């Protein structure tokens, strides 16, 4: 009897275009995975939650895989879903970019940038001339970002500048600049309230608070970092808008903590002073954010490079 022959197993046939799952189901999966929510996916795609669920079930049946599960009430990707998502998300980004390039042929192109109101008005606005020059024939559109919202696809933005403690998963992120926090007031306010005597005067003066400040930007942390054994009552004017807070300080109505990036020009011009203590670094930095596909676009490249050039001339720590 001759030697046995082991026949190779036939390679698994990869699906051709004719055997792909419906694109509607694939799109529903990508949007649901991005939001980790059926209802938010339905809102973005302007369909019902039931329709999203139907598309997900259709895709799971086609692939013979479960793509989502529930963990303590939260929608999470299964290992199969986590394996599928990055490639599909990149593919849909590429489709959007290809269509955008086609639509832009023969037209003046635009670049949509998401930025916080306060950063746009106080750091970005003085630099808009050089930025627009760097973009050439591309028009820059600046949109207001919403706190905690960084879904550039849903917001139809090309890129964003956001303060983050760490890079966002699924996006290309580059640090623009670090920051510090310090107390600021007008020179007249400091003189009237004798702030030259030291930080203990904080107990006797109007203190203005950012009602939505992250923990790193609150008074107790700054006082501890500077070694001031002072406990404030917490009473005082509270504003939910950083821009309104800074305008209130500039009007001479109190003292507040602020990011150096937002008040550096006022400090250099003498409109504001920091009467005591020192700038305390914060862990969050301003990041330039775009999808990997959008980051490769020439206008986004030009914008990021010019912004980073501007940031190199910015003093991150003002004494």
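The values are calculated or read from the model by the stated rules, or taken from the named source; none is laboratory data. Keep in mind that this is a model prediction, so the values were computed, not measured. FYI the Cβ positions are ideal-geometry reconstructions off the backbone, even for glycines, and counts take in every protein chain you see.
Observations, loosely collected:
- Checklist (1) surrounded by 21 or more Cβ atoms within 10 Å (Cβ to Cβ); (2) more than 22 Å from the chain's Cα centre (by Cα) applied to residue 267, failing item: (1)
- Pick from the range 124-140, criterion loosely packed, with under 12 Cβ neighbours inside 10 Å and not in a helix (DSSP H, G or I), ranking: modelled with the highest pLDDT: 136
- Some residue of the range 48-61 being assigned to a loop (DSSP other than H, G, I, E, B) and either in contact with a strand residue (DSSP E or B) (Cβ under 9 Å, 6 or more places away or on another chain) or not assigned by TED's automatic domain parsing to the domain that holds residue 155 (or both): yes
- Tally, over the range 48-77, of residues that are in contact with a helix residue (DSSP H, G or I) (Cβ under 9 Å, 6 or more places away or on another chain) and modelled with pLDDT under 90: 0
- Filter result for the condition that a residue is modelled with pLDDT of 90 or more, buried (at least 17 other Cβ atoms within 10 Å of the Cβ), part of a helix (DSSP H, G or I) and touching a strand residue (DSSP E or B) at 6+ places or on another chain (Cβ under 8 Å), over 182, 223, 202, 176: 202
- Any hit, the range 252-260, residues being surrounded by fewer than 18 Cβ atoms within 10 Å (Cβ to Cβ) and at pLDDT 95 or above: yes
- Tally, over the range 141-163, of residues that are in contact with a strand residue (DSSP E or B) (Cβ under 6 Å, 6 or more places away or on another chain) and surrounded by fewer than 16 Cβ atoms within 10 Å (Cβ to Cβ): 2
- Residue 160 vs. criteria under 16 Å from the mean Cα position of the chain (by Cα), part of a helix (DSSP H, G or I) and under 19 Å from residue 300 (Cα atoms): no
- Any hit, the range 68-80, residues being over 30 Å from residue 261 (Cα atoms), assigned to a helix (DSSP H, G or I) and not assigned by TED's automatic domain parsing to the domain that holds residue 301: yes
- Enumeration of residues in the range 206-220 that are assigned to a loop (DSSP other than H, G, I, E, B) and under 11 Å from residue 256 (Cα atoms): 206, 218
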